[in-house]
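Notes to accompany the following structure.
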Amino acid sequence: MLGFEVSDPAAWRRFLGDVLGLVEVDGNRWRNDRHAWRIQLTEGPADDLAFVGWEFSDGELDAVLERVDAIEADPSERDVGRRYTLRDPAGIPLELYSGPKLAGEFASEVVPWGFVADEQGLGHVVITAPDKAESFRFYTELLGAKLSDHIVTEIYGHKVDLSFFHVNARHHSVAFGGPQRKRLHHVMFEARSMDDVGLCYDRCIRSGVRIMQTLGRHPNDRMFSFYAMTPSRFQFEFGWGGREVDDDDWSVETYDCVSEWGHHAPQIAFPPRTKK
Ligand code: FE
């Protein structure tokens, strides 16, 4: 589960429902799979991540609680069985929980084939990590995430040194590479159909949602996706075709590009014509 503090909840409701195709639960909560809810909005000035939830089995949760200083919290506030809160090294509030409430089959009129979620989590987040080594240690040694791979390159003169981590078959549930302007660089949702990526791209163009990176494909998770701006001015990625990780047959690689093709900034892909 993810919490967002947003300054314009009405814009977010239109965005989550009409553009992304998530399904409203109660106005502030939204789902993209069989979980009772996956996204929670609270109104406030931050326009950023409010919390990141990490789901565990009871046994896994007990093991993690041996390694971190977490505070027990009211599970009913999140519709879960057990709930503990702490912050990651970047100060991002985390919620560790087990026993989430489930609802019926997910069905969205906007994204008819639905999302790759459920046991793979709702999607992935790319977050700020001012001290990358410390965040690396926290997520792997304390929370139990496993390293998937790295991307080390330069984009438009900026050094990129990203590391990607998995907690289930999804190639990565979290990634980071250094400090970001906000807690969250982007949140990714993965559709089950390639057409749903194109249809979401069209919905963005029709409804004035700003495209930040054109369609493209990443070399490591193989995601076919585009990036655009949420109403809170952090980005979302909408993708299809993500590769799954099999821990028994996996070697950590370092890739030298962020995208095999595409993912261009629109102002570079489509520069304004100058009159001669
Ligand atoms: Fe991503």
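Tally time: how many residues in region 229-238 are farther than 18 Å from residue 121 by Cβ and within 15 Å of the ligand (Cβ to nearest atom)?
4
Residues checked against (1) farther than 21 Å from residue 242 by Cβ; (2) surrounded by 22 or more Cβ atoms within 10 Å (Cβ to Cβ); (3) touching a residue at least 24 places away in the same chain (Cβ under 8 Å):
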{"residue": "88", "(1), (2), (3)": "yes, yes, yes"}
{"residue": "100", "(1), (2), (3)": "yes, no, yes"}
{"residue": "104", "(1), (2), (3)": "yes, no, yes"}
{"residue": "112", "(1), (2), (3)": "no, no, yes"}
{"residue": "118", "(1), (2), (3)": "no, no, yes"}
{"residue": "127", "(1), (2), (3)": "no, yes, yes"}
{"residue": "133", "(1), (2), (3)": "yes, no, no"}
{"residue": "136", "(1), (2), (3)": "yes, no, yes"}
{"residue": "139", "(1), (2), (3)": "no, yes, yes"}
Report summary line: When residue 167 is run through (1) farther than 26 Å from residue 249 by Cβ; (2) within 16 Å of the ligand (Cβ to nearest atom); (3) modelled with pLDDT of 95 or more, the failure sits at (1)
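For region 18-29, how many residues are out of contact with any Phe, Trp or Tyr (no Cβ under 7 Å at 6 or more places or on another chain), crowded, with 20+ Cβ neighbours inside 10 Å and in a loop (DSSP other than H, G, I, E, B)?
If we filter region 18-29 for residues that are out of contact with any Phe, Trp or Tyr (no Cβ under 7 Å at 6 or more places or on another chain), which is where we start, we get 18-19, 21, 26-28.
So of that shortlist, the ones also crowded, with 20+ Cβ neighbours inside 10 Å come out as 19, 21.
With in a loop (DSSP other than H, G, I, E, B) added as a condition, the list becomes 21.
The total comes to 1.
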Requested in this report: Please state which one of 65, 61 is under 16 Å from residue 97 (Cβ atoms), more than 18 Å from the chain's Cα centre (by Cα) and buried (at least 18 other Cβ atoms within 10 Å of the Cβ).
Outcome: 61
Query raised in the report: Can you spot a residue in region 122-135 that is more than 17 Å from residue 167 (Cβ to Cβ), in a loop (DSSP other than H, G, I, E, B) and charged (D, E, K, R)?
Result: yes
**Report entry** Residue under evaluation residue 159, criteria (1) away from the ligand (no atom under 16 Å from the Cβ); (2) modelled with pLDDT of 95 or more; (3) not aliphatic (A, V, I, L, M), criterion not met
**Finding:** (2)
Query raised in the report: Taking only pairs six or more apart or across chains, which ones have beta-carbon atoms under 7 Å, a first residue in region 236-250 that is farther than 15 Å from residue 149 by Cα, and a second residue that is part of a loop (DSSP other than H, G, I, E, B)?
Result: 236/230; 239/223; 240/193; 241/222; 241/223
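Identify all residues within region 245-274 that are outside any loop (DSSP other than H, G, I, E, B) and more than 18 Å from residue 205 (Cβ to Cβ); write none if there are none.
Just the residues of region 245-274 that are outside any loop (DSSP other than H, G, I, E, B), to begin with: 247-249, 253-255, 261-262, 266-269.
Across region 245-274, the qualifying residues are 247, 248, 249, 253, 254, 255, 261.
Can residue 50 be described as surrounded by 14 or more Cβ atoms within 10 Å (Cβ to Cβ), over 21 Å from the mean Cα position of the chain (by Cα), farther than 21 Å from residue 238 by Cβ and in contact (Cβ under 8 Å) with a residue 24 or more places away in the chain?
Values: surrounded by 14 or more Cβ atoms within 10 Å (Cβ to Cβ): yes; over 21 Å from the mean Cα position of the chain (by Cα): no; farther than 21 Å from residue 238 by Cβ: yes; in contact (Cβ under 8 Å) with a residue 24 or more places away in the chain: yes.
For residue 50, the condition - surrounded by 14 or more Cβ atoms within 10 Å (Cβ to Cβ), over 21 Å from the mean Cα position of the chain (by Cα), farther than 21 Å from residue 238 by Cβ and in contact (Cβ under 8 Å) with a residue 24 or more places away in the chain - is not met.
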Requested in this report: For residue 184, state whether it is crowded, with 18+ Cβ neighbours inside 10 Å and within 16 Å of the chain's Cα centre (by Cα).
Outcome: yes
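Restricting attention to region 251-261, and to residues there that are in contact (Cβ under 8 Å) with a residue 60 or more places away in the chain and within 14 Å of the ligand (Cβ to nearest atom), which single residue is nearest to residue 209 (Cα to Cα)?
Pass one, region 251-261, residues in contact (Cβ under 8 Å) with a residue 60 or more places away in the chain: 252-258.
Filter once more, so that each one left must be within 14 Å of the ligand (Cβ to nearest atom): 255, 258.
Numbers: 255: 30, 258: 23 Å.
Checking each candidate, the answer is 258.
The values are calculated or read from the model by the stated rules, or taken from the named source; none is laboratory data. Just so you know, these numbers come straight off a predicted model, no measurement behind them. Counting neighbours? That spans all protein chains shown, and the Cβs are built from the backbone with ideal geometry, glycine included.
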